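Written below as structure tokens is the structure these notes are about.
The values are calculated or read from the model by the stated rules, or taken from the named source; none is laboratory data. Because the structure is predicted, anything quoted here is derived from the model rather than measured. A quick note on method: Cβ atoms are made from the backbone with ideal geometry, for glycine too, and the neighbour counts reach across all protein chains shown. For the accessible areas, the whole protein counts, side chains as well, though only heavy atoms, and no ligand, DNA or RNA atoms are used. Shrake-Rupley method; radii C 1.70, N 1.55, O 1.52, S 1.80 Å.
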Amino acid sequence: GRMQLSLFLKAIGLRMEDALAFWKGEFTRKITAEDFDKRYAYNLRHNYGKEGKRTDYTPYSCQKCLAQTVGAVGEYHGCPYRTLGSAQLKESLVENMKLTPMQAKQVAEKAQQGHYQLACGRALELRRFGGEELEE
């Protein structure tokens, strides 16, 4: 999950320093800053091509995310439109993407029908541009 999200954030323009600050803020809720620096900072710098073989990694494709299976409880990777249940997806869309409940319902319906990329695209469109709610 971390690599998938890290590469996505990199692809949308998040600078490495900002990514390190973001992840450090998340991790230091449970571990010390020193532990974060020892255990995780290298991998983040590696994702940006600043460590190791200095490869400029690209984000995962939609197909790769769709093909991933969810592992143990508490693991978050793959496509949320495929892996989350309808109620959890709607809740996440309202809470995290600030969609209206009706918009979230419409997006979740596309996901339930197996149209994960269309659901994702519609959610991003609604988040960015607002948009009309479709008549039922």
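Please determine, by comparing only the residues of region 40-55 that are among the polar types (S, T, N, Q) and part of a helix (DSSP H, G or I), which one is most open to solvent (accessible area, probe 1.4 Å).
43
Just checking, how many residues over region 9-31 are surrounded by 11 or more Cβ atoms within 10 Å (Cβ to Cβ), out of contact with any helix residue (DSSP H, G or I) (no Cβ under 9 Å at 6 or more places or on another chain) and not charged (D, E, K, R)?
Summing the residues that are surrounded by 11 or more Cβ atoms within 10 Å (Cβ to Cβ), out of contact with any helix residue (DSSP H, G or I) (no Cβ under 9 Å at 6 or more places or on another chain) and not charged (D, E, K, R) in region 9-31 gives 3.
State the number of residues belonging to region 83-118 that are assigned to a loop (DSSP other than H, G, I, E, B) and open to solvent by 100 Å² or more (accessible area, probe 1.4 Å).
2
What single numbered condition from (1) free of Cβ contacts under 8 Å to residues at least 12 places away in the same chain; (2) more than 17 Å from the chain's Cα centre (by Cα) fails to hold for residue 36?
(1)
Out of region 63-100, which residues are modelled with pLDDT under 85 and at positive phi?
Once the filter is applied, which keeps residues that are modelled with pLDDT under 85 and at positive phi, region 63-100 yields 74, 78.
Does residue 60 satisfy the condition of being more than 29 Å from residue 129 (Cβ to Cβ), under 19 Å from the mean Cα position of the chain (by Cα) and of a type in the set (Phe, Trp, Tyr)?
It is false that residue 60 is more than 29 Å from residue 129 (Cβ to Cβ), under 19 Å from the mean Cα position of the chain (by Cα) and of a type in the set (Phe, Trp, Tyr).
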